Amino acid sequence: MVWGPMIAWYLFLAGASAGAFITAAFVARKYPDSVKMRVAGRLIAPVFMAIGLLLLMLDAEAGMHDPLRFVYLVLNPGSVMTLGVYFICIYMPVCLIAAILEIRKTPVPGWLDWIGIISAFCVAAYTGFLLGVVHAYPLWNNAILPILFVISALSAGLAATSLIGLITDRERFEQMWLVKKSHVILSAIEAIVLFTMLVIVNSGSPEGAASVHSLIAGQYAPLFWGGLVILGLIAPFMIEGYPVFITKKPETSTTSLVVSIIGESGVLIGGFVLRLLIVLAALPVAFL
Amino acid sequence: MTQEEKRALFAPTRRGFLKGSAATLALAATAGAYSFGTWQVEQAAAAGGNLAKGPSLCNGCSSKCGLFATTMDGRLWIVNGMEDHPYAKGTLCGRGQGTAQWAYDDERVTQPMKRMEDGSFEPISWDQAYKEIAEKVKGIIETAGPEALAMIQDPRPSGKYYTKRFINALGSNNFYTHGAACNLSKESGIEQAIGASNYSVDWPNTKMVVFIGRSYGDGIRPSSVQSIAAAAERDTRIVIVDPRLNNTGIFASDWIPIKPGNDIAFLLGIANVLVTKDLYDHAFVEQHSVGFPEFAAQVAEYTPEWAEGICDVPAEKIVEIAEALAKAAPACAIEPSWRAAFGCAHQNSFETARCVCAVNALLGCWGQKGGALITSSPKAGEVDPIKFPSVPKPAGTRLGDTEFPLVSSSMGTNLAVLDGCLNGKIEGVFFYNSNAVQGYSQPAKWREALDKAKLVVSVDIQMSETCMQSDYVLPECTVLERMELPEFIGGKKHYVAMRTKVLEPVHPEPKPCDQIFSELARACGVGQYFDFTVEELAAAQLATVGASIEEVTEKGIVELSNPGFSYGVPKFKTPTEKFQFISEKVGAAGFNPVIGYAPRLVEPAADEFYFVGGKQGIQSHTMTLNLESLNAISREYDLERVWLSTADAQKLGIADGDTVELSSSEFTGRTRAKVTERLKPGVVFLPTHYGNTSPYLTRARDLGLNFMDFVPFHMEPGVGAAMTQEVAVKVRKVG
Amino acid sequence: MARYGMLIDTKKCVGCYACRIACQMINGLPSDEAFIKFYEEEQGSYPNVYAENVPVQCMHCEDAPCQTVCPTTATYTTDSGVVLVDEKKCIGCKYCMAACPYNARVQLHPSGVVEKCRFCWYEGEPGNPPACVGTCISGARIFGDLDDPESEICKEIARTNAQPLAGDLTRAKIYYVR
């Protein structure tokens, strides 16, 4: 495989960063009192993005030998990677400024927030298109992958932010029904989109089918079912869905705290595993 | 663009920046913008970029193809095949490209070594090594006579001259080539039939050629591959008889999978059809052969049905091939082969070679256009007897020649040395450019034998398995670092070419073989026969054919006076001066004088497989595997794997890539399996370049298995060849 | 302007690897990095089998996906259709390796640059012929101008009906006889 875990981490962190920024913006509007959670989202966004970019650069061996070469990254607007650089060039300063303003307890202006939200969506989508435009790999080269990555990015960003909200400000967190509902719905949509993508890739080409097979029944099956489906999709859906749709009342017990932490962590782990599997399991189209 | 024009434009001379033998390359500072060949160009630019070019002969196999090596600032940059060399024809194969880099190998032996009591090696000075070797040589001569000394070498231009001169000067006749593990049976057999040890197919004009085991695509000589490629384009019928679909298969019209070691039955089946259906060349047989009536009487038994029962080729296929040959005759031939199926492989290899010749005789293709040609070879004339005194012929016969009277006199059977060490007749053995221990017969047997010798000396460029068994290892410099004596090349035209010193020695200590054996001779007290330099002798030899060192250095190869080849039945240099269906010498040796059937020795039991070995195009026996560039290919493409047929693999539950255990009567070892449709079920194929054990060769060590470990020590009756494929194996899955 | 391409006749290739090593030498590549890769293909079943060696290297595609995705424009195409890498611009992101359907891209070490066959390009021209063609023992490789109907390569492509390995993947300029 051309890329490995380092790039999977980057794809995950960039997506989670975008998701966290969007979560923070959402919380700021709907729950202005939930300060800790908003701040968490604002801080997670630039930190995750920065770590991701660092990993991306570390993976670019020739660039590491001569870092000035990274300047050339803006030269080919026809390349999705260059587009991503443009998006990140906007997104990164915006989320950094938003974080600084938040630390200095200064309100983030609405226009800046909107630029951030839009560029965050672009960054999340780009991580999908980056792979999606590569014709050589059927597992990547489909229209659904970018959608899947955007949904997973929102879910992961939400989970990262929620995790901190859950620990630092649980009382208020348990009241944020919209956030919790979104979370459950995102898990459900992600599962459906993932399923759809696998069905389409499976029927599209022998190499696609082989990739899907390696995920659901081959060498990656334990990671796929354990890490992505159970831990990353089903567990969070059940854990968040239970209070939201069944008991319909805020949880207060310690047990439920632990369970919720497991659920949020599951989303994060699932988000990384998804990208790792997509990167590793892709098989090229046969040319012979 | 013609092939010539295309090659003339090839990289080293292109755009004329390499005029003459040396040129200074002034590189613009911008040359690095595209950084083509970064290290070379930038290095050259930094140093002022001095390019030089010189001729040599490849040492990747015994073809010795002509090449030009181009150096940049003294370091090898690229190599190209010599346009006018009849074997290279402007190209070099993978081994040629790879072995050109030998000088820079990081695991060469770079100083004389002496083996200690515990088997380890310590460096020793040249003088000390010569002194100690000479003392032991003198001791052996005093107590056991010079006939207790022997020399084994794989012929190279200087090596074959100096090693023979050295051992003869010491008073011993025991001079051998690697032949017993190569083409000894085949050449000895051919010699009894046609009076020459080899012949060639007239490729440009042939209509049909049958290969018995040999593969031009695996044991590569570029000119042969070009010949067969051109023939295939003309829709020449090319038949491959081989249990394995080898890499010549792309050119073939027929692949005839055969039971290994039973090619003789296939050939006799063809002979039977030609004789019984009266398809043979009456004129040739009547005018140019002896023993045909006896042969015809005997061959009547060898019906295609009989042959099918032995070699497992359908009788109708045998008939069809025989009829097709007869139709194509005389523009057709059974190819002479080399090592492959009957060079040294089986108990019946000598006789198989005779059968090949017999079929060609029935087809009347000897000397005919498109048939089997016996061409001549040039050699140096007499040189100044005072400057280069001839060595008196030692008394007595070479060890082994009495027991194996049919052995080719130019080769001898080196296994007589192994046997001689065991029975005490041989006490001192010299090896030059020879890894006998690893490849000439069973390694364990060679070790046992050499352990008994009082003195074993190896001259080599790396610590081969034979060096590991030697008391002294004398390092030779690699091929591009040394000049050698002229090499004479025969065929329809005659040539002389020569290795020149293209590279300055990378290491200070290693010496060329002429120097090593001359100095050793002086130490042993026979220096009077070595009182000249290699340059002096080369110049004298070249002068006898009207050439000079300068001319050969400049051109790389020089065409000699036309030998006047013409088609027509050749004069056979047999005792009868005719083609011999019957050989008095074979009869005198106690065998059937008439060309006929002989069985292979080892037949596999019900749970065993025929075990066959063979070459791969990028390795030369056991000597190239440690070369970085060639080793990398073997590893990247898993070339060391053992081949199993799909049918057998299914039965044994073995999948491609599984680890399997092979065991013969002699040895058990494990390697991975290649499961393929390219192999006859019931046969297992192992490439013969692997399983090196020398701790000094870290890349080669423990890669794959050595075929010869599995093979019992044998000597083929009559010729003493190693019978390298008289073995059966069991196979089981282990992982 | 010429449009350079190559023809590889697998019916003449015995798989001797000379092209790989000549390429490594002229490009100064270490032994375990190569611009030419080999694929052994078996067709049919015993005893009716055909086996071929297929050497694969950069196809110098007209629509090179590696060039499209290269973010730094390190990958570019010359006027004569040769796809090259400006090593001084390459950051080693490996996007081109992912995009190339022929697995023809190789990351070099220690530089980290991703390189490939360059038709032995030097000082504004390709090798004439490139090293792999020059050393090929059986004439299985022909190099030349695809736009010149009189060139040997054009005649041979026409005569043998040579085709790109996978015409539906890219518009490759290496043609194969198989």
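The values are calculated or read from the model by the stated rules, or taken from the named source; none is laboratory data. Here the structure is a predicted model, which means the values were calculated and not measured. Note that we place each Cβ from the backbone using ideal geometry, even for glycine, and neighbour counts take in every protein chain shown.
Filtering segment C:120-134 to residues that are on the phi > 0 side of the Ramachandran plot and surrounded by 24 or more Cβ atoms within 10 Å (Cβ to Cβ) leaves only C:CYS120. Residues that are at the interface with chain B (Cβ under 8 Å from one of its Cβ atoms) and part of a loop (DSSP other than H, G, I, E, B) within segment C:120-134 comprise C:CYS120, C:TRP121, C:GLU123, C:GLY127, C:ASN128, C:PRO129, C:PRO130, listed in sequence order. Among the residues of segment B:436-461, which ones are among the polar types (S, T, N, Q) and either part of a helix (DSSP H, G or I) or surrounded by fewer than 24 Cβ atoms within 10 Å (Cβ to Cβ) (or both)? Selection gives B:GLN438, B:GLN442. Residues that are within 14 Å of chain C (Cβ to nearest Cβ) and polar (S, T, N, Q) were ranked within segment A:100-144; the one that is farthest from A:SER211 (Cα to Cα) is A:THR127. Run A:VAL2 past the list (1) within 14 Å of another protein chain (Cβ to nearest Cβ); (2) in contact (Cβ under 8 Å) with a residue 12 or more places away in the chain; (3) within 22 Å of the chain's Cα centre (by Cα) and report the number of the one that doesn't hold. Among (1) within 14 Å of another protein chain (Cβ to nearest Cβ); (2) in contact (Cβ under 8 Å) with a residue 12 or more places away in the chain; (3) within 22 Å of the chain's Cα centre (by Cα), A:VAL2 violates only (2). Restricting attention to segment B:551-605, the residues being surrounded by fewer than 18 Cβ atoms within 10 Å (Cβ to Cβ), outside any loop (DSSP other than H, G, I, E, B) and of a type outside the set (Gly, Ala, Ser) number 7. Return yes when C:THR10 is without any contact (Cβ under 8 Å) to a residue 40 or more places away in the chain, within 14 Å of chain A (Cβ to nearest Cβ) and either of a type outside the set (D, E, K, R) or in contact with a helix residue (DSSP H, G or I) (Cβ under 7 Å, 6 or more places away or on another chain) (or both) and no when it is not. For C:THR10, the condition - without any contact (Cβ under 8 Å) to a residue 40 or more places away in the chain, within 14 Å of chain A (Cβ to nearest Cβ) and either of a type outside the set (D, E, K, R) or in contact with a helix residue (DSSP H, G or I) (Cβ under 7 Å, 6 or more places away or on another chain) (or both) - is not met.
Apart from one condition, C:ASP148 fits all of (1) under 23 Å from C:VAL14 (Cα atoms); (2) in contact with a helix residue (DSSP H, G or I) (Cβ under 8 Å, 6 or more places away or on another chain); (3) at pLDDT 95 or above; (4) assigned to a loop (DSSP other than H, G, I, E, B); the exception is (1). Note on segment B:611-652: residues that are among the charged types (D, E, K, R), more than 11 Å from chain C (Cβ to nearest Cβ) and not in a loop (DSSP other than H, G, I, E, B) amount to 1. When B:GLU666 is tested against the conditions (1) part of a loop (DSSP other than H, G, I, E, B); (2) closer than 20 Å to B:SER215 by Cβ, the lone failure is (2). Residue count for segment A:68-107, restricted to those that are on the phi > 0 side of the Ramachandran plot and among the hydroxyl-bearing types (Ser, Thr, Tyr): 0. If you go through segment B:81-95 and keep only what is more than 11 Å from every other protein chain (Cβ to nearest Cβ) and hydrophobic (A, V, I, L, M, F, W, C), you end up with just B:MET82.
From the list A:TYR126, A:TYR137, the one residue that fits, being on the phi < 0 side of the Ramachandran plot, under 12 Å from the mean Cα position of the chain (by Cα) and not aliphatic (A, V, I, L, M), is A:TYR126. crowded, with 21+ Cβ neighbours inside 10 Å, acidic (Asp, Glu) and touching a Cys at 6+ places or on another chain (Cβ under 9 Å): is that true of B:GLU726 in this structure? Criteria not met by B:GLU726.
Quickly run through segment B:668-703 and pick out the residues that are under 24 Å from B:THR624 (Cα atoms) and hydrophobic (A, V, I, L, M, F, W, C). The answer is B:ALA673, B:VAL684, B:PHE685, B:LEU686, B:LEU697, B:ALA700, B:LEU703. A count restricted to segment B:508-550 and to residues that are part of a loop (DSSP other than H, G, I, E, B) and surrounded by 15 or more Cβ atoms within 10 Å (Cβ to Cβ) stands at 8. Among the candidates C:ILE157, C:ILE137, the residue that is away from chain A (no Cβ under 14 Å), of a type in the set (A, V, I, L, M, F, W, C) and buried (at least 24 other Cβ atoms within 10 Å of the Cβ) is uniquely C:ILE137.
Regarding segment B:321-332, can at least one residue be identified that is within 27 Å of B:THR688 (Cβ to Cβ), surrounded by 24 or more Cβ atoms within 10 Å (Cβ to Cβ) and either in contact (Cβ under 8 Å) with a residue 40 or more places away in the chain or over 28 Å from the mean Cα position of the chain (by Cα) (or both)?
Among the residues of segment B:321-332, not one is within 27 Å of B:THR688 (Cβ to Cβ), surrounded by 24 or more Cβ atoms within 10 Å (Cβ to Cβ) and either in contact (Cβ under 8 Å) with a residue 40 or more places away in the chain or over 28 Å from the mean Cα position of the chain (by Cα) (or both), which makes the answer no.
Does A:ALA18 satisfy being under 12 Å from A:LEU55 (Cβ atoms) and in a helix (DSSP H, G or I)? Criteria not met by A:ALA18.
In segment B:678-710, of all residues being in a loop (DSSP other than H, G, I, E, B), crowded, with 21+ Cβ neighbours inside 10 Å and of a type in the set (A, V, I, L, M), the one that is farthest from the other protein chains (Cβ to nearest Cβ) corresponds to B:LEU705.
Scanning segment B:96-124 for residues that are within 14 Å of another protein chain (Cβ to nearest Cβ) and assigned to a loop (DSSP other than H, G, I, E, B) returns B:ALA100, B:GLN101, B:ASP105, B:ASP106, B:GLU107. Has segment A:249-272 got at least one residue that is β-branched (Val, Ile, Thr), touching a residue at least 40 places away in the same chain (Cβ under 8 Å) and surrounded by fewer than 17 Cβ atoms within 10 Å (Cβ to Cβ)? Yes, there is a match, as at least one residue in segment A:249-272 is β-branched (Val, Ile, Thr), touching a residue at least 40 places away in the same chain (Cβ under 8 Å) and surrounded by fewer than 17 Cβ atoms within 10 Å (Cβ to Cβ).
Among the listed residues A:THR196, A:THR252, identify the single one that is in a helix (DSSP H, G or I) and of a type outside the set (D, E, K, R). Spell out how you get there, then give the answer.
Details: A:THR252 fails: in a helix (DSSP H, G or I).
A:THR196 is the lone residue from the list that is in a helix (DSSP H, G or I) and of a type outside the set (D, E, K, R).
Inspect segment B:66-81 for any residue being under 28 Å from the mean Cα position of the chain (by Cα) and either assigned by TED's automatic domain parsing to the domain that holds B:MET468 or not in a strand (DSSP E or B) (or both) and give the result as yes or no. Checked segment B:66-81: no residue is under 28 Å from the mean Cα position of the chain (by Cα) and either assigned by TED's automatic domain parsing to the domain that holds B:MET468 or not in a strand (DSSP E or B) (or both). Might you check whether a residue that is touching a Cys at 6+ places or on another chain (Cβ under 9 Å), among the aliphatic types (A, V, I, L, M) and away from chain C (no Cβ under 14 Å) occurs anywhere in segment A:69-80? No: segment A:69-80 contains no residue that is touching a Cys at 6+ places or on another chain (Cβ under 9 Å), among the aliphatic types (A, V, I, L, M) and away from chain C (no Cβ under 14 Å). Return yes when B:VAL675 is crowded, with 17+ Cβ neighbours inside 10 Å, more than 11 Å from chain C (Cβ to nearest Cβ) and of a type in the set (A, V, I, L, M, F, W, C) and no when it is not. For B:VAL675, the condition - crowded, with 17+ Cβ neighbours inside 10 Å, more than 11 Å from chain C (Cβ to nearest Cβ) and of a type in the set (A, V, I, L, M, F, W, C) - is not met.
Selection of segment B:211-270 for residues being more than 10 Å from chain C (Cβ to nearest Cβ), in a helix (DSSP H, G or I) and over 16 Å from B:ILE318 (Cβ atoms) yields only B:ALA231.
Scanning segment C:40-65 for residues that are facing chain A (nearest Cβ under 10 Å) and crowded, with 18+ Cβ neighbours inside 10 Å yields C:GLU52, C:VAL54, C:VAL56, C:MET59, C:PRO65. Hey, any hits in segment C:108-119 for a residue that's buried (at least 23 other Cβ atoms within 10 Å of the Cβ), touching a Gly at 6+ places or on another chain (Cβ under 8 Å), modelled with pLDDT of 95 or more and more than 8 Å from chain A (Cβ to nearest Cβ)? Yes, there is a match, as at least one residue in segment C:108-119 is buried (at least 23 other Cβ atoms within 10 Å of the Cβ), touching a Gly at 6+ places or on another chain (Cβ under 8 Å), modelled with pLDDT of 95 or more and more than 8 Å from chain A (Cβ to nearest Cβ).
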